[in-house]
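Enquirer: Here it is, the structure, as structure tokens.
The values are calculated or read from the model by the stated rules, or taken from the named source; none is laboratory data. Note that the coordinates shown come from a computational prediction; the quantities given were computed from them, not determined experimentally. Glycine gets a Cβ as well: all are built from the backbone with ideal geometry, and neighbour counts include every protein chain shown. All accessible areas refer to the heavy atoms of the entire protein, side chains included, with ligands and DNA or RNA removed. Shrake-Rupley method; radii C 1.70, N 1.55, O 1.52, S 1.80 Å.
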Amino acid sequence: MSNVKDILKRFNIDNAARAYGDGHINDTYLIEASSGKYILQKINTAVFNNPYELMRNIERVASFMAEEIKKEGGDPRRETLMLVKTADGENLARTEDGGFYRMYYFVEDTVTYQAAERPEQFYNAAKAFGVFQKRLAEFPADMLSEIIPDFHNTVKRFADFSEAVDKDIMGRAGGVLPEIEFALSRENIKNIITGAIDRGEIPLRVTHNDTKLNNVLFDKKTDEAICVVDLDTVMPGSLLYDFGDGIRYGASSAAEDEKDLTKVFCRLDYFEAFAKGFLEELGGVITEKEISLMPVSGQIIAYELGMRFLGDYLNGDVYFKTHYPAQNLDRARTQFKLVSDMESKMSEMKDIVNRLTKQN
Ligand code: ADP
Ligand code: GN1
Ligand code: MG
């Protein structure tokens, strides 16, 4: 980022920035200024091609959340993202070279985890995502643009993946035939959630759509999950996307790019902790049909993301940030390993959800 000082001046801040966080999409910087701490982000315009629309969504969601938090007697500065305006009163600073930057207040005395260290931590994260979902229950979905259409449409993701295999523009497909075969042979799971939505069996809600553990801020002192961040993909979706994505990331025993696949599996105690927190918060709104699909949802999102990673590898690594050449391939392999592992643990996951719903 060459002109960082100039960008910061646009937000009335005179200080330096350092790269921060572990996101795969935007460039995030931490700013420590005399007036306080801030998060500056360069928006990835290859992924979000209409930054103005994106920021309209975020502003609406964040201010709706802030009102809900105030009604509950909470502190919006700690419990939701709050945007910092530029000196011109805008949510975005555009640079001459076409970059778009936004700024948030840094939520002080918080930490993010790249992996859950204890089931209770993951339980706390589930509660935060559940609360997030509940707070948005009355948010008018038609006020939101569909920022990335078909984001969790696994059927569409399958079609995109198949196209990447057919085109094979980098000539990489020959080297990953077992992974391609794995994805193609699991086609039967692609329409479980989308089909249920299409048939009207489960509702569309306003959902977060990117419920990785590192999109939650934990209070440094209490270890409670207090603030859900990364609002870029808040859109109409299924509650099962949020549950499934949370599970496929946080219940996994290893990092998303672990090379040793014997280390990668779904931890059932973490599955149970997340399901418990989610159901405790959403018990009043979740439907029977949604509950019945909770066990399979992690597998579906892992499958979908595995195809996205492998598709990106085949397309030349143009979507997700990578730090070494075959990282997207390693990421795809971990997701597919989780798919197989969750397949073999499906009846246990069903038993856990049954047990938890009987208790409530
Ligand atoms: P990306 O879209 O690239 O994933 P995020 O918006 O998730 O970027 O931000 C990256 C990381 O920065 C988060 O995982 C979190 O650790 C941290 N972060 C983001 N916003 C804040 C904030 N307002 N206060 C404190 N930390 C934040
Ligand atoms: C991306 O931005 P980040 O790192 O929180 C991606 C998610 C994936 C995730 C995989 C907009 O999330 O969909 O599940 O990587 N976000 C977007 O780690 O595509
Ligand atoms: Mg993130």
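Enquirer: Among the residues in the stretch 268-277, are any under 30 Å from R199 (Cα atoms) and either at pLDDT below 95 or open to solvent by 50 Å² or more (accessible area, probe 1.4 Å) (or both)?
Expert: Yes, the stretch 268-277 contains at least one residue that is under 30 Å from R199 (Cα atoms) and either at pLDDT below 95 or open to solvent by 50 Å² or more (accessible area, probe 1.4 Å) (or both).
Enquirer: Please enumerate the residues belonging to the stretch 135-159 that are part of a helix (DSSP H, G or I), touching a helix residue (DSSP H, G or I) at 6+ places or on another chain (Cβ under 6 Å) and closer than 28 Å to G195 by Cβ.
Expert: Result: M143, T154, V155, R157.
Enquirer: Can you tell me which residue within the stretch 187-236, out of those that are at positive phi and crowded, with 16+ Cβ neighbours inside 10 Å, is nearest to ligand 1 (Cβ to nearest atom)?
Expert: D230
Enquirer: Here are some residues: M103, M82. Which one is more than 15 Å from ligand 2 (Cβ to nearest atom), within 27 Å of T222 (Cα to Cα) and in contact (Cβ under 8 Å) with a residue 24 or more places away in the chain?
Expert: After applying the criteria, what remains is M103.
Enquirer: Which residues, counting only those in the stretch 303-359, are more than 26 Å from N153 (Cβ to Cβ) and buried (at least 18 other Cβ atoms within 10 Å of the Cβ)?
Expert: Result: I352, L356.
Enquirer: List pairs: first residue in the stretch 110-122 and in a loop (DSSP other than H, G, I, E, B), second residue open to solvent by less than 10 Å² (accessible area, probe 1.4 Å) anywhere in the structure, Cβ distance under 6 angstrom, at least six positions apart or on different chains.
Expert: So the pair list comes out as Y113/L213; A116/F122; A116/L213; A116/G250.
Enquirer: Please work out which residue is surrounded by the fewest Cβ atoms within 10 Å (Cβ to Cβ), limiting yourself to the stretch 21-52 and to residues that are of a type in the set (S, T, Y) and away from ligand 3 (no atom under 11 Å from the Cβ).
Expert: S34
Enquirer: Tell me, which residue of the stretch 168-186 that is free of Cβ contacts under 8 Å to residues at least 40 places away in the same chain and farther than 17 Å from D330 by Cβ is most open to solvent (accessible area, probe 1.4 Å)?
Expert: Top of the filtered list is E181.
Enquirer: Would you mind stating whether E281 is under 19 Å from E120 (Cα atoms) and either open to solvent by 10 Å² or more (accessible area, probe 1.4 Å) or of a type outside the set (G, A, S) (or both)?
Expert: So E281 fits the description; yes.
Enquirer: Taking the stretch 182-220, which residues are part of a loop (DSSP other than H, G, I, E, B) and within 16 Å of ligand 2 (Cβ to nearest atom)?
Expert: Scanning the stretch 182-220 gives H208, N209, D210, T211, K212.
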